[in-house]
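S.K.: Dumping the structure here so I can ask a few things about it.
The values are calculated or read from the model by the stated rules, or taken from the named source; none is laboratory data. Computed from a predicted model, the values in this text were never measured in an experiment. Cβ sites come from the backbone with ideal geometry, for glycine too, and all protein chains shown count toward neighbours. Note: accessible area is taken over every heavy atom of the protein model, side chains too, but ligands, DNA and RNA are not part of it. Shrake-Rupley method; radii C 1.70, N 1.55, O 1.52, S 1.80 Å.
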Amino acid sequence: MSFMEFLGYYQGIILKELLRHLEIVIISIPAALIISIPLGFFISSRPQLAKFIIYITSILMTIPSLALFGFMVILLAPFNLGLGMVPAIIAIALYSLLPITRNTYIALNQVPQGMIEAAKGMGMSGKQILWKIKIPLSIPVIMAGIRNAIVLGVSVATFASLVAAGGLGYFIFAGISRSNLRMVLAGAILVSILGISVNYFLLVVENWITPKGLKIKR
């Protein structure tokens with residue numbers, strides 16, 4: 001059976017696992033956003049706390065993906081949540097904390113002080129400076145963090161199949177155990193295409209929501 005015949009024969013399973021892969025990422029990233037964006041705003045004016053938070057999230061990111069999934073299984077097992085989507089979603093959300101929190105913190109602190117002082121001189125309040133100056137100027141850097149987190153999530157979600165959550169990782173790990181090159185290739189290629197497609201889509205979104213004068217030419 002050729003590779004294309006393999007894709008045609010198993011198209012039903014491929015579509016099912018692709019949708020499950022997307023589902024895991026789609027649930028994980030908003031969970032990370034809900035924590036990371038407010039956290040980034042909160043620490044933006046607290047440099048010492050920011051160092052501590054970014055240090056902790058950096059440590060989380062250094063844990064090997066497979067080990068983090070293993071930790072989730074063990075920690076959630078007493079609550080009967082050790083297998084399935086829950087450990088996968090928590091693990092991916094934890095991995096996504098660093099890029100989003102760090103970029104939000106950096107973005108808010110990169111706004112030129114002179115611009116903020118000028119806004120104050122014009123009588124703008126703290127809220128007006130935040131919404132009309134800081135946030136618009138920060139969008140490209142914050143979006144870059146979100147893009148990194150989502151593309152990373154697409155990649156890390158391949159391990160979800162090891163905790164019975166499904167996803168495209170099923171083809172990779174099942175293919176390895178059966179020495180089936182077509183299965184491994186199918187999983188790897190589909191994860192890569194998904195990651196590239198998501199990245200491109202987010203670039204379009206980033207371009208759409210970034211104010212005209214702040215767009216970066218690529």
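S.K.: Looking at ILE209, ILE189, which one is open to solvent by 30 Å² or more (accessible area, probe 1.4 Å), more than 15 Å from the chain's Cα centre (by Cα) and free of Cβ contacts under 8 Å to residues at least 40 places away in the same chain? First the steps, then the outcome.
M.R.: Values: ILE209 fails: free of Cβ contacts under 8 Å to residues at least 40 places away in the same chain.
ILE189 is the lone residue from the list that is open to solvent by 30 Å² or more (accessible area, probe 1.4 Å), more than 15 Å from the chain's Cα centre (by Cα) and free of Cβ contacts under 8 Å to residues at least 40 places away in the same chain.
S.K.: If I filter region 101-111 for residues that are part of a helix (DSSP H, G or I), open to solvent by 50 Å² or more (accessible area, probe 1.4 Å), free of Cβ contacts under 8 Å to residues at least 60 places away in the same chain and of a type outside the set (A, V, I, L, M, F, W, C), do I get at least one hit?
M.R.: No, every residue in region 101-111 fails to be part of a helix (DSSP H, G or I), open to solvent by 50 Å² or more (accessible area, probe 1.4 Å), free of Cβ contacts under 8 Å to residues at least 60 places away in the same chain and of a type outside the set (A, V, I, L, M, F, W, C).
S.K.: Now for a separate question. Open to solvent by 20 Å² or more (accessible area, probe 1.4 Å) and either modelled with pLDDT under 85 or of a type in the set (A, V, I, L, M, F, W, C) (or both): does that describe LEU162?
M.R.: Answer is yes for this residue.
S.K.: With the condition being farther than 19 Å from TYR170 by Cα and free of Cβ contacts under 8 Å to residues at least 60 places away in the same chain, I'd like the helices (runs of 4 or more DSSP H) fully within region 1-98 carrying at least 2 qualifying residues.
M.R.: Numbers: elements: 3-9, 11-43, 47-62, 65-76.
The qualifying helices (runs of 4 or more DSSP H) are 11-43, 47-62, 65-76.
S.K.: If you don't mind, there's one more thing I want to ask. From the list VAL151, VAL156, which residue is within 30 Å of MET85 (Cβ to Cβ), open to solvent by 30 Å² or more (accessible area, probe 1.4 Å) and at pLDDT 85 or above?
M.R.: VAL151
S.K.: Could you tell me whether region 130-138 includes any residue that is among the polar types (S, T, N, Q), in contact (Cβ under 8 Å) with a residue 12 or more places away in the chain, open to solvent by less than 20 Å² (accessible area, probe 1.4 Å) and over 15 Å from ARG20 (Cβ atoms)?
M.R.: Step one: of region 130-138, the residues among the polar types (S, T, N, Q) are 138.
Subset that is in contact (Cβ under 8 Å) with a residue 12 or more places away in the chain: 138.
Add one more test, that the residue is open to solvent by less than 20 Å² (accessible area, probe 1.4 Å), and what stays is 138.
If we keep only those that are over 15 Å from ARG20 (Cβ atoms) too, we end up with 138.
Yes: region 130-138 contains one or more residues that are among the polar types (S, T, N, Q), in contact (Cβ under 8 Å) with a residue 12 or more places away in the chain, open to solvent by less than 20 Å² (accessible area, probe 1.4 Å) and over 15 Å from ARG20 (Cβ atoms).
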